[in-house]
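The values are calculated or read from the model by the stated rules, or taken from the named source; none is laboratory data. Predicted model, so just to flag it, every value in this text is computed and none were measured. Cβ sites come from the backbone with ideal geometry, for glycine too, and all protein chains shown count toward neighbours.
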Amino acid sequence: IKSIDDIPQAIEKAKDIPGLYGIIIIKDDKIGIWGKVRIMPLS
């Protein structure tokens with residue numbers, strides 16, 4: 001991921017990886033999430 005604009009394309013490509021249940025991509029102040037992931041606060 002080189003720019004924020006790469007996030008959607010990277011998520012689409014990740015969907016084709018066998019056995020992958022989800023992905024989180026963080027770039028600068030943007031986030032892309034797909035699949036079975038859970039985000040929880042650390043505190």
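For every residue, the table says whether it meets (1) in contact with a helix residue (DSSP H, G or I) (Cβ under 8 Å, 6 or more places away or on another chain); (2) modelled with pLDDT of 95 or more.
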{"position": "Lys2", "(1), (2)": "no, yes"}
{"position": "Asp29", "(1), (2)": "no, yes"}
{"position": "Trp34", "(1), (2)": "yes, yes"}
{"position": "Met40", "(1), (2)": "no, no"}
Legend entry - Pairs with Cβ under 7 Å, 6+ apart, first in the stretch 21-43 and over 10 Å from Ile7 (Cβ atoms), second among the hydroxyl-bearing types (Ser, Thr, Tyr): Gly35/Tyr21; Lys36/Tyr21
Legend entry - Residues located in the stretch 1-20, provided they are touching a residue at least 24 places away in the same chain (Cβ under 8 Å) and part of a helix (DSSP H, G or I): Ile4, Ile7, Pro8
